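Engineer: Before I ask anything, here is the structure I am working with.
Here, each number is a calculation from the coordinates, and none is a lab measurement. All of these numbers come straight from a predicted model, not from anything done at the bench. Note that we place each Cβ from the backbone using ideal geometry, even for glycine, and neighbour counts take in every protein chain shown.
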Amino acid sequence: MTEYLIGTGGWAYFQIPGVHPLVAYSKAFNFVEVNSTFYEMPSLKEVETWRKLVPQDFQFTVRANRTITHDYKLQPTEQAIQAFEKMKQICAILNASILHFQTPPKFILQKDSVQNLKHFLSSINLGKLQLAIEVRGTAPNKLPTELVKTMQDMTLFTALTFQRAKHPLTSPKYFTQGYSVRDNTTSTSQQTRN
């Protein structure tokens with residue numbers, strides 16, 4: 001059976017007088033990507049509050065802080081790994097199963113950067129967390145073969161925007177805008193954001 005989760009990226013704009021934006025949002029949608037984490041690391045207390053504001057079956061995904069993708073460009077530096085560990089804590093509190101890495105628009109994942117990604121991934125413990133990678137500098141149908149192989153070998157999601165993608169599916173899993181799909185018969189999780 002397939003389950004669809006509908007949502008957007010963020011909830012701060014969801015304004016109803018007298019109601020916390022996340023509470024109001026959760027009455028309209030059952031899924032959100034926390035995108036504010038890309039810009040700033042929230043306190044764990046704030047994250048706990050988010051989880052308490054929504055129904056138990058409400059689903060979160062989290063966008064990784066730009067320290068990992070923009071400052072250190074997926075290199076396994078101490079700072080990038082510390083940022084990942086904080087993101088992992090945030091995901092655990094929210095019961096988020098997917099962490100979304102978004103690379104800078106001008107960052108091209110070539111051989112050296114794919115090696116950095118491999119080293120980064122081998123330096124961290126994902127646990128049950130799954131990664132979605134949005135390579136903004138390359139069309140999804142033009143991703144380097146080595147990157148696609150790495151993503152397949154490490155069961156990473158391809159993150160994309162359907163509006164920009166002519167041939168979006170480069171892997172059997174994808175993460176995109178608009179909705180989330182879970183196929184309970186194959187335990188494949190395909191989540192999307194708006």
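Engineer: Where Lys and Arg each count +1 and Asp and Glu each count -1, what net charge lies around Asn125 among other residues with Cβ under 10 Å from its Cβ?
Structural biologist: 0
Engineer: Would you order Ser97, Ser26 from fewest to most other beta-carbon atoms within 10 Å of each residue's own beta-carbon?
Structural biologist: Ser97, Ser26
Engineer: Can you work out the PRE-style zone for Ala92? Point 7 Å along Cα to Cβ, and I want the residues of the range 56-75 with backbone N under 18 Å.
Structural biologist: 60-65
Engineer: Given R₀ = 35 Å, FRET efficiency for Lys149-Thr49 by Cβ-Cβ distance, to 0.05?
Structural biologist: 0.30
Engineer: In whole angstrom, and with the biggest value first, how far do the Cα coordinates of the range 1-139 range along each principal axis?
Structural biologist: That gives 50, 34, 32 Å along the principal axes, largest extent first.
Engineer: Which whole-Hz ³J(HN,Hα) couplings does the range 105-121 yield from phi under the Karplus relation 6.51 cos²θ - 1.76 cosθ + 1.60, θ = phi - 60°, glycine and proline marked x?
Structural biologist: For the range 105-121, the Karplus-derived couplings read x, 9, 8, 9, 7, 9, 3, 5, 6, 5, 4, 4, 4, 4, 5, 4, 5 Hz, x marking Gly and Pro.
Engineer: Place the peptides 148-159, 37-48, 61-72 in order of packing, highest mean first, counting for every residue the other Cβ atoms within 10 Å and averaging per peptide.
Structural biologist: 61-72, 148-159, 37-48
Engineer: For the range 132-154 and the range 84-101, what is the separation of their C-alpha centers, rounded to whole Å?
Structural biologist: Each part's Cα centre sits 21 Å from the other's.
Engineer: Now a separate question. Give me Ile16, Ile93, Ile81, Ile98 ranked fewest to most by other Cβ atoms within 10 Å of their Cβ, as a rough exposure proxy.
Structural biologist: In increasing order of surrounding Cβ atoms, one gets Ile16, Ile81, Ile93, Ile98.
Engineer: Here's a follow-up. Taking only pairs that are 8 or more places apart or on different chains, how many Lys pairs in the range 1-159 have Cα atoms under 16 angstrom apart?
Structural biologist: 12
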